[in-house]
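Undergrad: Structure in structure tokens, see below.
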Amino acid sequence: MKSFAVRFTSDKNIRIQEGQSLLDASLAAGIPHFHICGGNARCSTCRVLVLAGKGSLTAPNKKENLLKDQMHFSDDIRLACQTYVRGNGVKLTRIIRDESDIDLYVGSSAAAFTENIGKEKKVVICFIDIRNFTHFVASHLPFDIIHIMRKIFNSFHANIERNNGKIIETTGDGLYAVFGLSASLRQSAGAAIKCGYDILESLEQLNDDYFSKNFDHRIEIGIGIHAGTVVAGNIRMGNEKHLLVMGYPVNVAARLQNATKELNNNFIVSSEALKLAGKLFSGHPSLSIHLKGIEEPVNVYLLGNPYK
């Protein structure tokens, strides 16, 4: 009888016999693989995330497809009790490691949060922060502060959505957004840069028409944009789904936004993001800079204007 090599990351490498399910083989090898329903495709606790070798697995059967539709599984999530191996090169990991993981992934309240449980994705990251806002906060009423933030963030949000971006986090008087979750990286890089210009233009209009007239104050911001491979996935915060985007490129984009102060330019884009956009900005200054916490120097373009 044929046997195939299967690697369970964080567990061990095992041999699986032809006609033996992933669940049966892992249990026989001493892996503590959860299977509350006894391997009958009802509980989903035996599900695995396939990291490599998807083509060496059997196609989902009727039972698995039924549960997949109910739980909104992505194509790289399989039920170990219903999946068989037909070739080498399979690499996977158990999703539920012990009882404390069950509530994260099982039940009607968890179904909507398991569509994206974690994957690498190439995206464009944009950080935006309001400059020198502390003095305004200290000298104005709480209503005025929140009112201005509403105006500013409504403008940010509208421009980001118009350019197919998604806000991931807001932090006090700043935020960061990603572009490329549902579009090509090239398109997203161009959209992110256009969005930066749109935001600066909208803010200038708000300054002229509203903030200067009503508060005798002009709002200034810093924008930093970078591109690279991140880890993205959904987590549950109470009953709400929240998308996390993490990784080295996120740190670089944040540092670029911080560098707008030192370089006295309100819009800085890394050469990686600019090259992806296929745009040449020969009229804009470019330089190599060292960023705090980033080992290698980063080549950037200064696309904005000095602070007033």
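The values are calculated or read from the model by the stated rules, or taken from the named source; none is laboratory data. For clarity, every value in this text was computed on a predicted model and none was experimentally measured. Neighbour counts run over all protein chains shown; Cβ positions are idealised from the backbone, glycine included. Heavy atoms of the whole protein, side chains included, go into the accessibility calculation; ligands, DNA and RNA do not. Shrake-Rupley method; radii C 1.70, N 1.55, O 1.52, S 1.80 Å.
Undergrad: Say we look at segment 38-70 and pick out the residues that are touching a residue at least 60 places away in the same chain (Cβ under 8 Å) and in a loop (DSSP other than H, G, I, E, B); which of these is nearest to residue 27 (Cα to Cα)?
TA: Ranking the candidates gives 45 first.
Undergrad: While we're looking at this one, here's another question. Yes or no: residue 223 crowded, with 17+ Cβ neighbours inside 10 Å, in contact with an Asp or Glu (Cβ under 9 Å, 6 or more places away or on another chain) and in contact (Cβ under 8 Å) with a residue 12 or more places away in the chain?
TA: Taking the combined requirement at face value, the residue satisfies it.
Undergrad: Might you check whether a residue that is within 30 Å of residue 106 (Cβ to Cβ) and open to solvent by 10 Å² or more (accessible area, probe 1.4 Å) occurs anywhere in segment 157-167?
TA: Yes: one or more hits.
Undergrad: Checking the condition touching a Lys or Arg at 6+ places or on another chain (Cβ under 7 Å), of a type outside the set (Val, Ile, Thr), in contact (Cβ under 8 Å) with a residue 24 or more places away in the chain and buried (at least 17 other Cβ atoms within 10 Å of the Cβ), which residue from 94, 78 passes?
TA: Testing whether each residue is touching a Lys or Arg at 6+ places or on another chain (Cβ under 7 Å), of a type outside the set (Val, Ile, Thr), in contact (Cβ under 8 Å) with a residue 24 or more places away in the chain and buried (at least 17 other Cβ atoms within 10 Å of the Cβ) leaves just 78.
Undergrad: Under 9 Å between Cβ atoms, at least 6 apart or on separate chains: pull out the pairs that start in segment 129-151 with a residue that is at negative phi and end on any residue that is among the small types (Gly, Ala, Ser) and open to solvent by 30 Å² or more (accessible area, probe 1.4 Å).
TA: Between residues of segment 129-151 that are at negative phi and residues that are among the small types (Gly, Ala, Ser) and open to solvent by 30 Å² or more (accessible area, probe 1.4 Å), the close pairs are 129/172; 130/172; 133/172.
Undergrad: So for segment 168-189 (the condition being buried (at least 17 other Cβ atoms within 10 Å of the Cβ) and more than 21 Å from residue 270 (Cα to Cα)), does at least one residue qualify?
TA: Looking for residues that are buried (at least 17 other Cβ atoms within 10 Å of the Cβ) and more than 21 Å from residue 270 (Cα to Cα), one finds at least one in segment 168-189, hence yes.
Undergrad: Restrict the check to segment 192-212 and report whether at least one residue is among the acidic types (Asp, Glu), open to solvent by 10 Å² or more (accessible area, probe 1.4 Å) and in contact (Cβ under 8 Å) with a residue 60 or more places away in the chain.
TA: No, there is no match, as no residue in segment 192-212 is among the acidic types (Asp, Glu), open to solvent by 10 Å² or more (accessible area, probe 1.4 Å) and in contact (Cβ under 8 Å) with a residue 60 or more places away in the chain.
Undergrad: Which condition number does residue 13 fail, the rest of (1) touching a residue at least 12 places away in the same chain (Cβ under 8 Å); (2) open to solvent by 80 Å² or more (accessible area, probe 1.4 Å) being met?
TA: Only one criterion in (1) touching a residue at least 12 places away in the same chain (Cβ under 8 Å); (2) open to solvent by 80 Å² or more (accessible area, probe 1.4 Å) is unmet by residue 13, namely (1).
Undergrad: Farther than 25 Å from residue 120 by Cβ, surrounded by fewer than 21 Cβ atoms within 10 Å (Cβ to Cβ), within 31 Å of the chain's Cα centre (by Cα) and not charged (D, E, K, R), is that true of residue 67?
TA: Spelling it out, residue 67 is indeed farther than 25 Å from residue 120 by Cβ, surrounded by fewer than 21 Cβ atoms within 10 Å (Cβ to Cβ), within 31 Å of the chain's Cα centre (by Cα) and not charged (D, E, K, R).
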